[in-house]
Amino acid sequence: MQLVILSGGSGARLWPLSNNARSKQFLPLLEDGKGGYESMLQRVYRQLTKASLTDNVLITTTSSQKDNIINQIGSNVDIVFEPERRKTFPAVALAASYLYSKKGCSKDEVVVVMPCDAYTHDSYYNTLMKMVKTVESDYANLVLMGILPTFASTKFGYIIPEKGQDRSSVQKVKKFVEKPPQDKALKYLTQGAYWNGGVFAFRLGYMLKFISKYIGSTDYEAVVAGYEKFPQISFDHEISEKEKSVALVPFFGEWKDFGNWNILTSRLKTNAIGNAVMGNNNSNTHVLNELGLPIFIDGLQDVVVAASYDGILIASKDRCDNVTEYTDSLVTRPMFEERRWGTYRVLDDTTYADGTRSLTKSIVVKAGRSISYQIHHHRSEIWTFVDGEGLFVLDGKVSKVGPGVVVNIARGQYHAVKALNDLSFIEVQTGNPLVEEDIERFDFDWDSVKVD
């Protein structure tokens, strides 16, 4: 069995804590049972580890999420990157082509696809194995997980089974309904409908025919090169709703889709995370603060307050979904990012009268990690080291750096840094444009460096 985990999302619904680089699945907001916090991705991977299901995991994502994934669950998992965001059908096709042409999996191999952000009970993963056995029995071409609904939601799709089947066992599917209005949702519940949790399974060969339809090949490189040929469509719309041979395996345990602030805060065990002080006159109000500045809240009911370097959200819980209508005007550039080597946050971004820009960052490089050997074509930089020790390279010359050391990096100069222990510095960029893409990277052999 091969397990494909879909890790996508633009981060709009949980703005401002999430963004294009740090979608909701990476936010460390869930208690981990050890006195700390973990993200949705970390929770899912921890549950997979407990169920002994991590041997054959493949994550599909965008390149902007690579560092977050590696930092949170390690580098021992295969990752494939979408050339561009094109919804779940192309993402699944990309994963299938990788499994077949790169990993050498058989066409008879069972593939289970699941999202990375479901909040659910451990028994969820037992249901995954029931789905695998159902595919192996050739009961249906496509097998889905049906979530037993707890209320008539208008935010989820529904799977409606054939009548007269055993509700405790595998069931044939009659049809799918996408996010119905309230009256229809109530009607579907009386018909024994299930929520569609976005989990499905099939034999690898089943998916390969859809890849050939659009690309003309199942080769992974060909799929990457022709990725734009896939329609920008969900797996459900392209395949599930058209397939005649579909079955569902029911799941009866706890399941939540943390798609917005209202649902997410309902699972938090504390009303305040971060530097926040709650007055005595709040009701069902939550504060999540990533800023160093304190936030005081009082006299509010059914409100969520979320603050990060990207912005501040203050909204009633029944209206917090509206933020997606405004994110295009709210989002500029990520003001905080987590990378494999550490983190950075933007302190200032200024444009001057002559068009020159300056961008100031606070950067932390983790002990033993390094920022790549690189040059910039459109900017110069000044680094002021404030804490820790490291090795700095400028045009091949290595020097030791620590608090108080200032280095000037001219446009076009080769440079890199490695932290001997956690290393902090302030970076001031000057030029135009000031974009993350203005980086050309080169190899550098840190093992050969000898500094007294």
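The values are calculated or read from the model by the stated rules, or taken from the named source; none is laboratory data. None of these values were measured; they are calculated from a predicted model. In this analysis, Cβ positions are derived from the backbone assuming ideal geometry, glycine residues included, and neighbour counts consider all displayed protein chains.
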Open item on the list: Could you check the range 272-299 and list, in sequence order, the residues that are assigned to a loop (DSSP other than H, G, I, E, B) and touching a Lys or Arg at 6+ places or on another chain (Cβ under 9 Å)?
Closed with: N284, T285
Task: In the range 331-358, the residues that are at positive phi and outside any strand (DSSP E or B) - done: G355
TODO: Might you check whether a residue that is touching a residue at least 12 places away in the same chain (Cβ under 8 Å), in a strand (DSSP E or B), among the aromatic types (F, W, Y) and in contact with a strand residue (DSSP E or B) (Cβ under 6 Å, 6 or more places away or on another chain) occurs anywhere in the range 80-95?
DONE: no
Task: Residues (under 20 Å from the mean Cα position of the chain (by Cα) and in a loop (DSSP other than H, G, I, E, B)) located in the range 255-271 - done: F258, G259, N260, R267, L268
- [ ] Filter the range 164-192 down to residues that are surrounded by fewer than 16 Cβ atoms within 10 Å (Cβ to Cβ) and among the hydroxyl-bearing types (S, T, Y) and give me whichever is modelled with the highest pLDDT.
- [x] S169
Open item on the list: If I filter the range 82-93 down to residues being within 11 Å of F210 (Cα to Cα) and among the aliphatic types (A, V, I, L, M), which single residue comes out as farthest from the chain's Cα centre (by Cα)?
Closed with: A93
Open item on the list: Can you list the strands (runs of 3 or more DSSP E) lying wholly within the range 365-452 that have 3 or more residues being among the aliphatic types (A, V, I, L, M), at negative phi and at pLDDT 95 or above?
Closed with: 390-394, 406-409, 415-419, 423-431
- [ ] Out of the residues in the range 303-345 that are among the hydroxyl-bearing types (S, T, Y) and under 27 Å from S362 (Cβ atoms), state the one that is surrounded by the fewest Cβ atoms within 10 Å (Cβ to Cβ).
- [x] S329
Open item on the list: Here are the criteria: (1) farther than 14 Å from L264 by Cβ; (2) outside any loop (DSSP other than H, G, I, E, B). Tell me which single one R43 does not satisfy.
Closed with: (1)
Open item on the list: If D438 meets every condition in (1) surrounded by 15 or more Cβ atoms within 10 Å (Cβ to Cβ); (2) free of Cβ contacts under 8 Å to residues at least 60 places away in the same chain apart from one, which number is that one?
Closed with: (2)
Open item on the list: Show the residue pairs meeting these rules: Cβ distance below 7 Å; 6+ apart or different chains; first residue within the range 36-51 and closer than 15 Å to L17 by Cα; second residue in a helix (DSSP H, G or I) and at pLDDT below 95.
Closed with: S39/Q25; S39/F26; S39/Q72; M40/K24; M40/Q25
- [ ] Return the residue satisfying two criteria in turn: it lies in the range 102-120 and is modelled with pLDDT of 95 or more and touching a helix residue (DSSP H, G or I) at 6+ places or on another chain (Cβ under 6 Å), and of such residues it is farthest from L6 (Cα to Cα).
- [x] K107
Task: Some residue of the range 188-195 being within 26 Å of the chain's Cα centre (by Cα) and touching a residue at least 12 places away in the same chain (Cβ under 8 Å) - done: yes
Open item on the list: Looking only at the range 161-187, how many residues end up being within 27 Å of the chain's Cα centre (by Cα) and part of a strand (DSSP E or B)?
Closed with: 2
Task: Residue satisfying all of: in the range 216-254; part of a loop (DSSP other than H, G, I, E, B) and aromatic (F, W, Y); farthest from the chain's Cα centre (by Cα) among these - done: F252
TODO: Confirm whether R203 is under 28 Å from V44 (Cα atoms), of a type in the set (D, E, K, R) and either in contact with an Asp or Glu (Cβ under 9 Å, 6 or more places away or on another chain) or surrounded by 19 or more Cβ atoms within 10 Å (Cβ to Cβ) (or both).
DONE: yes
Open item on the list: I need every pair where a residue in the range 384-406 that is more than 13 Å from V365 (Cα to Cα) and surrounded by fewer than 16 Cβ atoms within 10 Å (Cβ to Cβ) has its Cβ under 7 Å from the Cβ of a residue that is among the hydroxyl-bearing types (S, T, Y) and modelled with pLDDT of 95 or more, sequence separation at least 6 or different chains.
Closed with: D395/Y414; G396/Y414; V406/T384
